[in-house]
1. Gap in Å between the Cα centre of region 135-186 and the Cα centre of region 94-123?
2. By residue number, which cysteines of the chain lack any other Cys whose Cβ falls under 4.7 Å from their Cβ?
3. Using the per-residue mean of other Cβ atoms lying within 10 Å as a proxy for protection, in what order, highest first, do the peptides 222-233, 253-264 fall?
4. For the Cα atoms of the chain, what angle does the longest principal axis make with the long axis of helix 167-179, in degrees from 0 to 90, nearest 10?
5. Under 16 Å from the 7 Å Cα→Cβ point of residue 79, by amide nitrogen: which residues of region 303-339?
6. Take the Cβ-Cβ distance between residue 10 and residue 275 as r, set R0 to 30 Å, and report the resulting FRET efficiency rounded to the nearest 0.05.
7. Ignoring ligands, DNA and RNA, what percent of the 1.4 Å accessible area of region 69-328 is carbon and sulfur?
8. Working from Cα positions, state the angle (0 to 90°, nearest 10) between the long axis of helix 235-249 and the longest principal axis of the chain.
Amino acid sequence: MVSVGAPIWTLSLADLEEWTKSKGEPLYRAQQIWRWLWEKGVSSINQMSDLPARLRVSLASEFALTFPQLVHESVSKDKTRKFLWEMPEGGRVETVWIPHSNRYTVCISSQVGCSLNCRFCATGQLGLERQLKGYEILLQVYAVKHLLGLPVTHVVFMGMGEPLLNYTAVIEALTGLSQKLKLSPKRITISTVGIPKGILRLAERKEPFELAFSLHSAIPEKRQMLIPLAAHIPLEEIRHALGTYCEKRQEWVTLEYVLLEGVNDTPKDAEALRAFVAPPVRAKVNLIQYNPVPGLPFQGSKRLSEFQKSLMQRGLLATIRRSRGADIAAGCGQLARQV
Ligand code: SAH
């Protein structure tokens, strides 16, 4: 049975019910299809064995059951795994699976490539090819869970792309993660370079997801040097949006800070960071160990612990994110689709 038509993944349960009704079938048929799609994970419509053949035929003639195709897989010595997929609508993206005791995090991409061109990031060197559809973002988690059979407890939007520059698709994926794949939004983190409009839209949402902001320097001139986009968005405007986010949602945000040798790791940098975290912004800092990118002039700072201590002394909550999967270029900012 060859599937054509709209991707079946985009349908809600209500859409499916309407569809089965239009076929003169009982409502529970929609539930059956839903379970096959989202709980059991089928690779073809023919596998939906408790559906009458006529319904399978109509389903396959109207909807497509498409999957990301696995192009390449790498496994790190720390058990992190990186997958390169060909997406259903074209283009290649990477997804990373990171096991850590009883936590299994999938790091997903929101765009094919990235438009930001952050100086220290490998993905930034690719440029933006296209936006991913919401279902293509969702399918990365689906594929890891159902096609590869790996456990998934957490999802982070920290792969390729800038989630808030593909807002609608990201929200569609977020909704799908909780309603279709039954992952609590509490275990989902959206990471952004700082798009005030997007942050303000997130502030209005009710799902309890987490927000991380890639700060990297609280000194505007320095931040602009690292992140070209920062020249067009005043840091103060981002701070204001984060403050609104914290107030509206009564939540904290995480500030991501890649510590770069001789760039942003001095006491002056710690002081600026301290000043950035003032009401209404409530934030903890996550210091990220830099993953080297060949050809880029940056090195990870040796002062991670020292910098952490200096933040704590200033009354900030600071943790360190050690590199995972760096030997297979699966670490943050190393995704560049090299096979
Ligand atoms: N565009 C989003 C999400 C993708 S990047 C954002 O900017 O937040 C996820 C995180 O990895 C960001 O904090 C990013 O700055 C960081 N990162 C990029 N390159 C890195 C590298 N080489 N080593 C460590 N972290 C890196």
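1. If we compute the Cα centre of each part, the gap is 12 Å.
2. Those would be 107, 114, 246, 332, since no other cysteine Cβ in the chain comes under 4.7 Å of theirs.
3. On the way: 222-233: 17.2, 253-264: 20.7.
Packing order, densest peptide first, comes out as 253-264, 222-233.
4. With both axes taken from Cα atoms, the answer is about 60 degrees.
5. 324-326
6. Numbers: r = 45 Å, r/R0 = 1.49.
Given R0 = 30 Å and the Cβ-Cβ separation, E is 0.10.
7. Details: 5930 of 11010 Å².
Using a 1.4 Å probe with all protein chains present, region 69-328 comes out at 54 percent carbon and sulfur.
8. The angle comes out at about 50 degrees.
The values are calculated or read from the model by the stated rules, or taken from the named source; none is laboratory data. As the structure is a prediction and not an experimental result, all values here were calculated from the model. Glycine also receives a Cβ, built like all others from the backbone with ideal geometry; neighbour counts cover every protein chain displayed. SASA here: full protein model, heavy atoms, side chains in, ligands and nucleic acids out. Shrake-Rupley method; radii C 1.70, N 1.55, O 1.52, S 1.80 Å.
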